[in-house]
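Colleague: Sharing a structure, written as structure tokens. Questions coming.
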Amino acid sequence: MSERMTPEPKLFLPGPTPVPMAIWQAMLTPMSNHRGREITELHASLRERLKRLWSTSGPVVILPASGTGGLEALLANAVAPSETVLAVSAGAFGDRFGQIAERLGMGVEWLRRPWGEAVDPDDVATELRRRRYAAVLLTHNETSTGVLHPLRDLARAARAHVPLILVDSISGSPAVPLDIQGYGVDAVVTGTQKGFMLPPGLAMIGLGEDAPAKLKGRPSLYMDFKPYMAGDWPYTPALSLLHGLDRSLELLAAETEPVRYRRHRLMSAMVRAGAEAAGFRPVVRSEAASPTVTALEPPEGITPKALRAWCQAHGAVLAGGQGAWKDRIVRIGHVGATGPLDVLAVLGVMELAVCHLSGRHPDGSASRAALDVWHRTLNNPEEEGIHD
Ligand SMILES: *Cc1c(COP(=O)(O)O)cnc(C)c1O
């Protein structure tokens, strides 16, 4: 029984995520001169709307790069190779941010915290008080473990002790709140293939109002932020993705922020409840749980590999673990153009997989538990379990 039973596999990954038809259509816009009026105005409009989304009066840079390229570009612009940064890491992406700084020749001190837990702001403040750093590197939403770190509190704790707070929010914004000036962070990196519902290929970087004056790096010609901050395209931009981003920002604005934040929290709560009912164990306690991705240990006797292979053979693509958690967990992405209906679908196939692999009969308990969460939140959106 390995027929896939669906013409196109469905992605339940924390990126790449499904792309809405309206965005594909916008991406079919014919090419035009990137130095002409139309694309110059599009650039200005995109930057203006991203500034509004992130509540900053500082500049926005839109680079043709995956998220990692955006992190590298930010570090290269912000920090001189002779300087030392503090890399705060509680997962594979925290590790990556620090590794980029190491490759760029910067001094890197590590503050490693346990995977699967939220970083404690006091620990960051204590380390920053110990010595002088040029920057602190923070992860907003740690995709490898499914933890949403308390960015506002981390930034508040760090602010007085370090000149630059640099943030990886690639799997965070726009699915969770991000307020550059309100939080007091200096720069935030996002990418297209998660909450923005686009194909991969752009990194969007938001800067705080006084961040440009604090950039001390020596970036490569290609990654230099200066022309972008002045509103120019120094090189041919990824035009199709820019048209897609235009449409994405329209869709996001039409949904409104509170509805989008609630949608992602609801999906997280449904996945946790449903998966638990099917015998999975959520790795992260609910207060630290990410609204965009959930890490789960499969039931006793079922390996992540077997579970993912079974689901894939039946049309559902789940993510595995990364680094030290590679053989321990599966991850369900619920970010971007996904909703409660998609969650019901993935929970259904997960329950079926568990039953098939352990010789039991499915009773719909995963879907029932998820429906119960959805039902309760219809009457009360602030229902416990759907927390900020
Ligand atoms: C996806 C992701 C990245 C990497 O993005 P790429 O586009 O694959 O380079 C970095 N950090 C976090 C937190 C992510 O979720």
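The values are calculated or read from the model by the stated rules, or taken from the named source; none is laboratory data. Model, not experiment: these values are computed from the prediction. Reconstructed Cβ throughout: ideal geometry from the backbone, glycine too, with neighbour counts over all protein chains shown. Ligands, DNA and RNA are excluded from the accessible area calculation, which covers all protein heavy atoms including side chains. Shrake-Rupley method; radii C 1.70, N 1.55, O 1.52, S 1.80 Å.
Colleague: Once you charge only the Cβ atoms, +1 for Lys and Arg and -1 for Asp and Glu, what is the size of the charge dipole of region 196-327 about its Cα centre, to the nearest 20 debye? Let's see the in-between values first.
Modeller: Details: 15 positive and 13 negative charges, 57 e Å.
Dipole of region 196-327, to the nearest 20 debye: 280 debye.
Colleague: Skip the ligands, DNA and RNA, and give the accessible area per residue of region 316-374 with a 1.4 Å probe, whole Å². If you can, show how the numbers build up before the last one.
Modeller: Numbers: 2420 Å² over 59 residues.
Ligands and nucleic acids excluded, the result is 41 Å² per residue.
Colleague: Suppose the Debye formula is applied to equal point scatterers at every Cα of region 207-326; what is log10 I(q)/I(0) at q = 0.13, 0.16, 0.17 Å⁻¹?
Modeller: The calculated log intensity ratios at q = 0.13, 0.16, 0.17 Å⁻¹ are -0.87, -0.99, -1.00.
Colleague: Under a 5 Å amide H to amide H cut-off, with H placed in plane at 1.01 Å, what residues pair with A203 once short-range neighbours are removed?
Modeller: Under 5 Å from the amide H of A203: L63, A65.
Colleague: What does the convex hull of the Cα atoms of region 100-257 come to per residue, in Å³, rounded to a whole number?
Modeller: Numbers: hull volume 21.0 nm³, N = 158.
Hull volume over Cα atoms, normalised by residue count, gives 133 Å³.
Colleague: Cα extents of region 8-164 along the three principal axes, largest first, in whole Å?
Modeller: 54, 38, 30
Colleague: Now for a separate question. What angle do you read, to the nearest 10 degrees and between 0 and 90, between the alpha-carbon axis of helix 67-78 and the longest principal axis of the chain?
Modeller: 30
Colleague: Let me ask something additional. Could you pull the Cα extents of region 278-388 along its three principal axes, largest to smallest, in whole Å?
Modeller: 38, 33, 26
Colleague: Restricted to Cα positions, what overall size does region 276-326 have along the principal axes? Three whole-Å values, descending.
Modeller: 33, 22, 20
Colleague: Which Cα, out of S358, S45, I302, lies furthest along the positive dipole direction of the chain (beta carbon charges, K/R +1, D/E -1)?
Modeller: Going by the charge dipole, the pick is S45.
Colleague: On to the next question. What's the local net charge at A26, with K and R +1, D and E -1, over the other residues with C-beta under 13 Å away? All intermediate terms of the calculation are to be shown ahead of the outcome.
Modeller: Working: positive: R247; negative: D246, E250.
Here the charged neighbours net out to -1.
Colleague: Take the Cα gyration tensor of region 193-276, multiply each eigenvalue by 5, square-root it, and list the three semi-axes largest first, rounded to whole angstrom. Could the numbers behind the result be given before it?
Modeller: Numbers: eigenvalues 216, 58, 36 Å².
Whole-Å semi-axes of the equivalent ellipsoid: 33, 17, 13.
Colleague: Using a Cα-Cα cut-off of under 28 Å, which lysines could be cross-linked to K10, ignoring same-chain neighbours fewer than 8 residues away?
Modeller: List returned: K194, K305, K326.
Colleague: Another question about this same structure. Taking Rh as the Kirkwood radius computed over C-alpha pairs, what is the Stokes-Einstein D of region 13-80 at 25 °C in a medium of viscosity 0.890 mPa s, expressed in µm² per second?
Modeller: On the way: Rh = 14.7 Å.
Stokes-Einstein gives a translational diffusion coefficient of 167 µm²/s.
Colleague: Now for a different question. Report the net charge of residues surrounding P163, where surrounding means a beta-carbon distance below 15 angstrom and charges are Lys +1, Arg +1, Asp -1, Glu -1.
Modeller: On the way: positive: R129, R131, R132, R159, K214, K216; negative: E83, D186, E209, D210.
Surrounding charge for P163 is +2.
Colleague: Restricting the count to DSSP beta bridges whose residues both fall in the chain, what percent are antiparallel, rounded to a multiple of 5? Provide the component values of the computation, followed by the final result.
Modeller: Working: 21 of 40 bridges.
Among the beta bridges of the chain, antiparallel pairing accounts for roughly 50 percent.
Colleague: OK, next. Summing -39500 (n - 2.57) over the DSSP H runs of n ≥ 4 in the chain and dividing by its residue number, what mean residue ellipticity at 222 nm do you reach, to the nearest 500 deg cm²/dmol?
Modeller: On the way: 13 runs with 156 residues, N = 388.
Here the helix-only value at 222 nm equals -12500 deg cm²/dmol.
Colleague: Keeping all protein chains in place, calculate the accessible area per residue for region 139-198 (probe 1.4 angstrom), answer in Å².
Modeller: 20
Colleague: So, with +1 on the Cβ of K and R and -1 on the Cβ of D and E, and no other charges, what is the size of the charge dipole of the chain about its Cα centre, to the nearest 20 debye?
Modeller: Numbers: 40 positive and 41 negative charges, 106 e Å.
Approximately 520 debye in magnitude.
Colleague: Using the Kirkwood radius over Cα pairs, work out the Stokes-Einstein diffusion coefficient for region 106-170 at 10 °C and 1.306 mPa s, in µm²/s as a whole number. Provide the component values of the computation, followed by the final result.
Modeller: On the way: Rh = 12.1 Å.
Rounded to a whole number, D works out at 131 µm²/s.
Colleague: Can you give me the convex hull volume of the Cα atoms of the chain, divided per residue and expressed in Å³? If you can, show how the numbers build up before the last one.
Modeller: Working: hull volume 50.6 nm³, N = 388.
In the chain, the Cα convex hull volume per residue is 130 Å³.
Colleague: Sticking with this structure for a sec: Calculate, in nm to one decimal, what M21 and R131 gain on full extension: separation in residues at 0.36 nm each, minus their alpha carbon distance. Let's see the in-between values first.
Modeller: Numbers: separation 110, 0.36 × 110 = 39.60 nm, distance 5.08 nm.
Gain on stretching M21 to R131: 34.5 nm.
Colleague: Follow-up question, since we're still on this one. Heavy atoms only, probe 1.4 Å: what % of the accessible area of the chain goes to carbon and sulfur, would you let me know?
Modeller: Numbers: 8390 of 16220 Å².
In the chain, the share of accessible area belonging to carbon and sulfur is 52 percent.
Colleague: Moving to a separate point now. Leaving out ligands and nucleic acids, and using a 1.4 Å probe, what accessible area per residue does region 50-108 come to in Å²? If you can, show how the numbers build up before the last one.
Modeller: Details: 1720 Å² over 59 residues.
Accessible area per residue: 29 Å².
Colleague: With the crude spin-label approximation of a point 7 Å out along Cα→Cβ, what separation in nm comes out for R52 versus E276?
Modeller: 3.9
Colleague: I've got another one for you. What figure in square angstrom, to the nearest 10, would you give for the accessible area of R112 with a 1.4 Å probe?
Modeller: Accessible surface of R112 is approximately 130 Å².
Colleague: Return the long-range amide H neighbours of A187 (sequence gap of 5 or more, or a different chain), with a cut-off of under 5 Å between placed amide H atoms.
Modeller: I165, V167, G208
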